[in-house]
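Input: a single structure, listed below in structure tokens.
The values are calculated or read from the model by the stated rules, or taken from the named source; none is laboratory data. Treat the numbers as computed from the prediction; the structure is a model and nothing was measured. No Cβ is skipped: glycine too gets one built from the backbone with ideal geometry, and neighbour counts run over all protein chains shown. Heads up: the accessible areas ignore ligands, DNA and RNA and are worked out on the full protein's heavy atoms, side chains in. Shrake-Rupley method; radii C 1.70, N 1.55, O 1.52, S 1.80 Å.
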Amino acid sequence: MAKQFVVQPGDVTQRVGVEVIRARGVDVEKLIRMLVANAAAEFASTYYYYTILRMNLAGHEDYKEICEDARLEDRAHWELIVPRIYELGGNLPNDLKEFHDMAGCRAAKLPDPPTAVNILTLLLESERCAIRSWSAVCDMTFGKDPRTYDLAARILNEEIEHEAWFIELLAHERDGKSIPSGHFRRGEPGWAPYSKNRGFYNP
Ligand SMILES: [Fe+2]
Ligand SMILES: [Fe+2]
């Protein structure tokens, strides 16, 4: 018997790109919710709050520059993942405040007092939240939704590097200890070697 396709020819209300991953066991609605929460974290908690944190690292130009690399790469993560939400049939909330509050990571507000140690601690924990959130997307899509998996894995690569950067800086600043990250700063700010779709979303 011929295989029955769920999406009929000419039907624009359904997507084969969604049906094939649903057929493999992906809970697409849950995946969209996770991607929206992660996008909100990239946009609000990190991109916006990191700007404030970087501004307050005055006097530590080296820390400031690395914070800027992490900040701009989170912007690339936002650009990379948002189109996927729409491809899956989802959308961003039509209200910025609502969107902000959906973020899967805590807001990285300027600590009081805004010392380098306090700021680096916040940055480190923010990266750790991102690693957990993107790992959850990788786990959910591995072997089932290669496109979302690829995007999430590219973002995860950079979040893991960001954690290593801030472990190195915090250990140095707070404890006078050397815990190398294994990485130097990017070749240019916001390089995003894994997550940037050059020429498409980040000209
Ligand atoms: Fe990120
Ligand atoms: Fe990050």
Taking springs between alpha-carbon atoms closer than 10 angstrom, which of Tyr86, Tyr50, Tyr63 fluctuates most in the Gaussian network model of the chain? Tyr86
On a full-extension model of 0.36 nm per residue, what is the gain between Trp191 and Val117, subtracting their alpha-carbon distance, rounded to one decimal in nm? 24.1 nm
Could you tell me what percent of the accessible area of the chain is made up of carbon and sulfur, with a 1.4 Å probe and every protein chain present? 55
So which of Lys30/Lys196; Lys97/Lys196; Lys64/Lys144; Lys144/Lys196; Lys109/Lys196; Lys109/Lys144 end up more than 32 Å apart by C-alpha? Lys64/Lys144; Lys109/Lys144
So what's the gap between the Cα centers of the stretch 126-153 and the stretch 22-55, to the nearest angstrom? 11
Between Gln8 and Arg24, the two model label points (7 Å from Cα along the beta-carbon direction) sit apart by a distance in nm of 2.8
What are the semi-axes of the equivalent ellipsoid for the stretch 40-88, taken as the square roots of 5 times the Cα gyration tensor eigenvalues, largest first, in whole Å? 26, 10, 4
Plugging the Kirkwood radius over Cα pairs into Stokes-Einstein for the chain, at a temperature of 20 °C and a viscosity of 1.002 mPa s, what D comes out in µm²/s? 119
Per DSSP H run of n ≥ 4, the term is -39500 (n - 2.57); total these for the chain, divide by its residue number, and report the mean residue ellipticity at 222 nm rounded to 500 deg cm²/dmol. -19500 deg cm²/dmol
Candidates Arg128, Arg106, Arg24: whichever shows maximal mean-square fluctuation once the chain is modelled as a Gaussian network with Cα springs under 10 Å: Arg24
Separation in nanometres of the label points that stand 7 Å from Cα toward Cβ, at Glu61 and Tyr86: 4.1
Probe 1.4 Å, heavy atoms of protein chains only: per residue, the accessible area of the chain in Å² is 54
Of Pro113, Pro189, Pro180, which has the largest mean-square fluctuation in a 10 Å C-alpha GNM of the chain? Pro113
Give the residues of the stretch 11-44 whose amide nitrogen is closer than 12 Å to a point set 7 Å from the Cα of Arg147 in the direction of its Cβ. 15-22
